[in-house]
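Visitor: A single structure is presented below for examination.
The values are calculated or read from the model by the stated rules, or taken from the named source; none is laboratory data. Everything quoted here is computed from the prediction, not taken from an experiment. Here the Cβ is made from the backbone with ideal geometry for all residues, glycine too, and neighbour counts use every protein chain on show.
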Amino acid sequence: MKAIIKSKIEELLSKEYYCSLDELNGKSTVYSVNFNAKQPYIKILAYRNCVVVCTSEDLYYKVRELLQNKNRDEIFELPLVYGQTIHYVPNDNYINDVSVSLNYECEYLFDRDILSLVGLTGFENSLAFDENGSTSTKAVCIAKEKNKIIGAAGAAESSVNGVWEIGVDVMEEYRNARLGTYLVRGLTKELLARNVIPFYSASVTNIGSQMVASRCDYIPFWVDTFGTILDGSSVYNDIIKGLL
(Lines give C-alpha, C1' and ligand atoms only; values in the text may rest on other atoms or scores of the structure.)
Protein backbone atom coordinates (compact mmCIF):
# COMPACT_ATOMS: atom_id res chain seq x y z
CA MET A 1 0.00 0.00 0.00
CA LYS A 2 2.78 2.46 0.90
CA ALA A 3 4.47 2.12 -2.49
CA ILE A 4 1.16 2.49 -4.33
CA ILE A 5 0.22 5.64 -2.43
CA LYS A 6 3.65 7.17 -2.99
CA SER A 7 3.54 6.39 -6.70
CA LYS A 8 0.05 7.80 -7.26
CA ILE A 9 0.63 10.95 -5.21
CA GLU A 10 3.91 11.63 -6.99
CA GLU A 11 2.09 11.24 -10.30
CA LEU A 12 -0.43 13.83 -9.09
CA LEU A 13 2.23 16.29 -7.89
CA SER A 14 4.31 15.89 -11.03
CA LYS A 15 1.28 16.73 -13.15
CA GLU A 16 0.06 19.66 -11.08
CA TYR A 17 3.50 21.22 -10.55
CA TYR A 18 4.97 20.52 -14.00
CA CYS A 19 8.03 18.71 -12.70
CA SER A 20 9.57 15.27 -13.05
CA LEU A 21 9.48 12.35 -10.63
CA ASP A 22 13.25 12.58 -10.29
CA GLU A 23 12.96 16.22 -9.28
CA LEU A 24 10.31 15.39 -6.68
CA ASN A 25 12.62 12.85 -5.10
CA GLY A 26 15.65 15.12 -5.20
CA LYS A 27 17.01 17.58 -2.69
CA SER A 28 16.94 20.75 -4.74
CA THR A 29 14.69 23.73 -5.27
CA VAL A 30 12.96 23.18 -8.59
CA TYR A 31 11.55 26.00 -10.72
CA SER A 32 8.79 25.04 -13.15
CA VAL A 33 6.33 26.79 -15.43
CA ASN A 34 2.57 26.41 -15.55
CA PHE A 35 1.99 27.27 -19.22
CA ASN A 36 -1.78 27.08 -18.70
CA ALA A 37 -1.80 30.05 -16.31
CA LYS A 38 -3.57 32.94 -18.02
CA GLN A 39 -2.50 35.51 -15.41
CA PRO A 40 0.66 35.98 -13.29
CA TYR A 41 0.63 32.95 -11.01
CA ILE A 42 2.73 31.26 -8.31
CA LYS A 43 2.27 28.12 -6.19
CA ILE A 44 4.91 26.46 -4.01
CA LEU A 45 5.23 22.82 -2.95
CA ALA A 46 7.29 21.10 -0.25
CA TYR A 47 7.58 17.33 -0.72
CA ARG A 48 10.14 15.19 1.10
CA ASN A 49 13.48 17.02 0.57
CA CYS A 50 12.31 18.93 -2.48
CA VAL A 51 10.75 22.37 -2.99
CA VAL A 52 8.99 23.17 -6.24
CA VAL A 53 8.25 26.77 -7.18
CA CYS A 54 5.71 26.77 -10.00
CA THR A 55 4.95 30.05 -11.76
CA SER A 56 3.39 31.42 -14.88
CA GLU A 57 5.87 31.93 -17.70
CA ASP A 58 6.12 35.68 -17.22
CA LEU A 59 7.21 35.34 -13.57
CA TYR A 60 9.66 32.48 -13.97
CA TYR A 61 12.95 34.38 -14.20
CA LYS A 62 11.94 37.13 -11.76
CA VAL A 63 10.89 34.68 -9.04
CA ARG A 64 13.89 32.45 -9.62
CA GLU A 65 16.23 35.40 -9.19
CA LEU A 66 14.33 36.56 -6.11
CA LEU A 67 14.63 33.17 -4.40
CA GLN A 68 18.24 32.36 -5.18
CA ASN A 69 20.09 30.91 -2.15
CA LYS A 70 16.98 30.94 0.04
CA ASN A 71 16.08 27.88 2.13
CA ARG A 72 12.68 26.19 2.29
CA ASP A 73 11.30 28.29 5.14
CA GLU A 74 12.43 31.54 3.50
CA ILE A 75 10.80 30.47 0.23
CA PHE A 76 7.49 29.76 1.96
CA GLU A 77 7.61 33.21 3.59
CA LEU A 78 7.64 34.92 0.20
CA PRO A 79 5.14 37.83 0.26
CA LEU A 80 3.89 36.79 -3.18
CA VAL A 81 2.08 33.77 -1.72
CA TYR A 82 -0.57 33.36 0.93
CA GLY A 83 -2.08 30.43 2.79
CA GLN A 84 -0.58 26.99 3.29
CA THR A 85 -2.28 23.61 3.17
CA ILE A 86 -1.18 20.30 4.67
CA HIS A 87 -2.15 17.27 2.60
CA TYR A 88 -2.52 13.86 4.24
CA VAL A 89 -2.70 10.28 3.00
CA PRO A 90 -3.81 7.11 4.84
CA ASN A 91 -1.12 5.50 6.99
CA ASP A 92 0.50 2.43 5.50
CA ASN A 93 -1.09 0.37 8.28
CA TYR A 94 -4.44 2.14 7.98
CA ILE A 95 -6.97 0.95 10.54
CA ASN A 96 -10.09 0.75 8.42
CA ASP A 97 -12.65 -0.23 11.03
CA VAL A 98 -15.02 2.56 12.03
CA SER A 99 -14.67 2.34 15.78
CA VAL A 100 -16.69 5.41 16.75
CA SER A 101 -20.27 4.56 17.64
CA LEU A 102 -22.94 7.02 16.54
CA ASN A 103 -26.67 7.24 16.96
CA TYR A 104 -27.16 8.85 13.56
CA GLU A 105 -28.31 7.27 10.34
CA CYS A 106 -25.48 7.08 7.80
CA GLU A 107 -25.67 6.51 4.05
CA TYR A 108 -23.14 6.14 1.22
CA LEU A 109 -23.84 7.50 -2.24
CA PHE A 110 -21.75 7.14 -5.38
CA ASP A 111 -21.72 8.75 -8.82
CA ARG A 112 -25.17 9.65 -10.16
CA ASP A 113 -26.92 8.77 -6.90
CA ILE A 114 -25.30 11.88 -5.45
CA LEU A 115 -27.51 14.01 -7.69
CA SER A 116 -30.39 13.17 -5.34
CA LEU A 117 -28.83 15.76 -3.03
CA VAL A 118 -29.05 18.64 -5.52
CA GLY A 119 -30.01 21.83 -3.69
CA LEU A 120 -28.26 20.88 -0.47
CA THR A 121 -26.26 23.82 0.89
CA GLY A 122 -23.81 24.39 3.72
CA PHE A 123 -21.50 21.52 2.79
CA GLU A 124 -19.06 23.29 0.46
CA ASN A 125 -16.00 21.31 1.58
CA SER A 126 -17.59 17.95 0.89
CA LEU A 127 -20.39 18.44 -1.59
CA ALA A 128 -21.07 21.49 -3.76
CA PHE A 129 -23.27 21.81 -6.81
CA ASP A 130 -22.84 24.34 -9.59
CA GLU A 131 -25.66 26.39 -11.08
CA ASN A 132 -26.45 23.54 -13.45
CA GLY A 133 -26.84 21.03 -10.63
CA SER A 134 -23.56 19.26 -11.38
CA THR A 135 -20.92 18.28 -8.84
CA SER A 136 -17.34 17.01 -8.97
CA THR A 137 -18.03 14.83 -5.92
CA LYS A 138 -17.98 11.14 -6.83
CA ALA A 139 -18.57 9.56 -3.41
CA VAL A 140 -20.23 10.83 -0.25
CA CYS A 141 -21.02 9.58 3.24
CA ILE A 142 -23.84 11.51 4.88
CA ALA A 143 -25.10 11.48 8.46
CA LYS A 144 -28.72 12.26 9.27
CA GLU A 145 -30.78 13.01 12.33
CA LYS A 146 -34.53 12.79 11.82
CA ASN A 147 -34.05 12.94 8.03
CA LYS A 148 -31.95 16.10 8.35
CA ILE A 149 -28.42 15.93 6.95
CA ILE A 150 -26.06 17.06 9.70
CA GLY A 151 -22.70 16.05 8.28
CA ALA A 152 -21.06 14.85 5.10
CA ALA A 153 -17.72 13.61 3.86
CA GLY A 154 -17.28 13.76 0.11
CA ALA A 155 -14.55 12.74 -2.32
CA ALA A 156 -13.83 14.37 -5.66
CA GLU A 157 -11.60 13.14 -8.47
CA SER A 158 -8.23 14.79 -8.91
CA SER A 159 -6.32 15.23 -12.15
CA VAL A 160 -4.92 11.69 -11.75
CA ASN A 161 -7.09 8.64 -12.23
CA GLY A 162 -7.69 6.76 -8.98
CA VAL A 163 -6.68 9.61 -6.66
CA TRP A 164 -9.56 11.43 -4.93
CA GLU A 165 -9.58 14.29 -2.41
CA ILE A 166 -11.77 13.99 0.68
CA GLY A 167 -13.47 16.96 2.33
CA VAL A 168 -15.80 17.02 5.33
CA ASP A 169 -18.48 19.30 6.78
CA VAL A 170 -20.38 19.00 10.04
CA MET A 171 -23.13 21.39 11.11
CA GLU A 172 -21.90 23.60 13.94
CA GLU A 173 -24.24 22.26 16.62
CA TYR A 174 -22.99 18.70 15.97
CA ARG A 175 -19.27 19.38 16.11
CA ASN A 176 -16.80 18.21 18.76
CA ALA A 177 -18.48 14.80 18.94
CA ARG A 178 -16.15 13.07 16.44
CA LEU A 179 -18.80 12.96 13.74
CA GLY A 180 -16.28 14.33 11.22
CA THR A 181 -13.86 11.57 12.18
CA TYR A 182 -16.54 8.93 11.71
CA LEU A 183 -17.51 10.24 8.27
CA VAL A 184 -13.96 10.57 6.95
CA ARG A 185 -12.89 7.19 8.31
CA GLY A 186 -15.95 5.48 6.83
CA LEU A 187 -15.54 7.08 3.41
CA THR A 188 -11.82 6.28 3.40
CA LYS A 189 -12.62 2.62 4.04
CA GLU A 190 -15.07 2.57 1.13
CA LEU A 191 -12.61 4.22 -1.26
CA LEU A 192 -9.70 1.96 -0.38
CA ALA A 193 -11.96 -1.06 -0.94
CA ARG A 194 -12.53 0.30 -4.46
CA ASN A 195 -8.79 0.75 -5.07
CA VAL A 196 -9.07 4.54 -4.89
CA ILE A 197 -6.27 6.43 -3.13
CA PRO A 198 -7.81 9.21 -0.98
CA PHE A 199 -6.03 12.25 0.37
CA TYR A 200 -7.24 14.81 2.89
CA SER A 201 -6.34 18.50 3.05
CA ALA A 202 -6.31 20.98 5.94
CA SER A 203 -5.21 24.58 6.24
CA VAL A 204 -2.23 25.06 8.57
CA THR A 205 -4.50 27.30 10.67
CA ASN A 206 -7.35 24.77 10.97
CA ILE A 207 -6.36 22.71 14.00
CA GLY A 208 -9.75 20.99 14.15
CA SER A 209 -9.37 19.66 10.62
CA GLN A 210 -5.83 18.51 11.35
CA MET A 211 -7.13 16.62 14.38
CA VAL A 212 -9.67 14.84 12.18
CA ALA A 213 -6.84 13.72 9.90
CA SER A 214 -4.85 12.42 12.87
CA ARG A 215 -7.83 10.56 14.37
CA CYS A 216 -8.52 8.97 10.99
CA ASP A 217 -4.99 7.56 10.87
CA TYR A 218 -3.86 9.91 8.10
CA ILE A 219 -0.28 11.16 7.96
CA PRO A 220 1.03 14.44 6.47
CA PHE A 221 2.58 13.88 3.04
CA TRP A 222 3.11 17.28 1.41
CA VAL A 223 2.53 20.99 1.99
CA ASP A 224 1.76 23.68 -0.54
CA THR A 225 0.63 27.27 -0.78
CA PHE A 226 -2.64 28.48 -2.19
CA GLY A 227 -2.36 29.12 -5.92
CA THR A 228 -1.85 32.88 -5.92
CA ILE A 229 -3.03 34.81 -8.96
CA LEU A 230 -1.32 38.20 -9.12
CA ASP A 231 -4.12 40.04 -10.90
CA GLY A 232 -3.81 43.31 -9.00
CA SER A 233 -6.42 42.48 -6.38
CA SER A 234 -3.98 41.56 -3.60
CA VAL A 235 -3.69 43.84 -0.57
CA TYR A 236 0.07 43.38 -0.97
CA ASN A 237 0.21 44.94 -4.44
CA ASP A 238 2.75 47.61 -3.46
CA ILE A 239 5.05 44.97 -1.96
CA ILE A 240 4.64 42.79 -5.00
CA LYS A 241 5.52 45.63 -7.37
CA GLY A 242 8.61 46.35 -5.34
CA LEU A 243 9.73 42.73 -5.43
CA LEU A 244 9.13 42.21 -9.11
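Visitor: Could you count how many residues in segment 106-144 are basic (K, R) and more than 14 Å from G167 (Cβ to Cβ)?
Guide: Number of matching residues: 2.
Visitor: Out of segment 194-215, which residues are touching a residue at least 60 places away in the same chain (Cβ under 8 Å) and out of contact with any Leu (no Cβ under 9 Å at 6 or more places or on another chain)?
Guide: Y200, S201, A202, S203, V204, Q210, A213, listed by residue number.
Visitor: Let me ask something additional. State which residue is surrounded by the fewest Cβ atoms within 10 Å (Cβ to Cβ) when the search covers only segment 106-131 and only residues that are touching a residue at least 40 places away in the same chain (Cβ under 8 Å) and small (G, A, S).
Guide: The residue in question is G122.
Visitor: Which one is nearest to A202 (Cα to Cα) among residues in segment 99-127 that are at pLDDT 90 or above and in a loop (DSSP other than H, G, I, E, B)?
Guide: N125
Visitor: Where in segment 34-98 are the strands (runs of 3 or more DSSP E), entirely inside, with at least 1 residues that are touching a helix residue (DSSP H, G or I) at 6+ places or on another chain (Cβ under 8 Å), among the polar types (S, T, N, Q) and farther than 30 Å from L187 by Cβ?
Guide: Qualifying strands (runs of 3 or more DSSP E): 50-55.
Visitor: Report whether or not E172 is over 27 Å from S7 (Cβ atoms) and not aliphatic (A, V, I, L, M).
Guide: Details: over 27 Å from S7 (Cβ atoms): yes; not aliphatic (A, V, I, L, M): yes.
Criteria met by E172.
Visitor: Go through (1) modelled with pLDDT of 95 or more; (2) polar (S, T, N, Q); (3) buried (at least 18 other Cβ atoms within 10 Å of the Cβ) for S203 and report which single condition fails.
Guide: Result: S203 fails condition (3) only.
Visitor: Hey, can you tell me all the residues within segment 153-179 that are surrounded by 24 or more Cβ atoms within 10 Å (Cβ to Cβ), of a type in the set (G, A, S) and either in contact with a Phe, Trp or Tyr (Cβ under 7 Å, 6 or more places away or on another chain) or more than 29 Å from Y17 (Cβ to Cβ) (or both)?
Guide: Answer for segment 153-179, where residues must be surrounded by 24 or more Cβ atoms within 10 Å (Cβ to Cβ), of a type in the set (G, A, S) and either in contact with a Phe, Trp or Tyr (Cβ under 7 Å, 6 or more places away or on another chain) or more than 29 Å from Y17 (Cβ to Cβ) (or both): just A155.
Visitor: State which residue is nearest to E57 (Cα to Cα) when the search covers only segment 1-33 and only residues that are in a strand (DSSP E or B) and touching an Asp or Glu at 6+ places or on another chain (Cβ under 6 Å). Don't jump to the end; show me each part of the working.
Guide: Step one: filter segment 1-33 for residues in a strand (DSSP E or B), giving 29-33.
After this cut, where a residue has to be touching an Asp or Glu at 6+ places or on another chain (Cβ under 6 Å) as well, the list is 30, 33.
Numbers: V30: 14, V33: 6 Å.
The qualifying residue nearest to E57 (Cα to Cα) is V33.
Visitor: Additional query: Can you tell me how many residues in segment 179-192 are under 22 Å from E11 (Cα atoms) and free of Cβ contacts under 8 Å to residues at least 40 places away in the same chain?
Guide: 0
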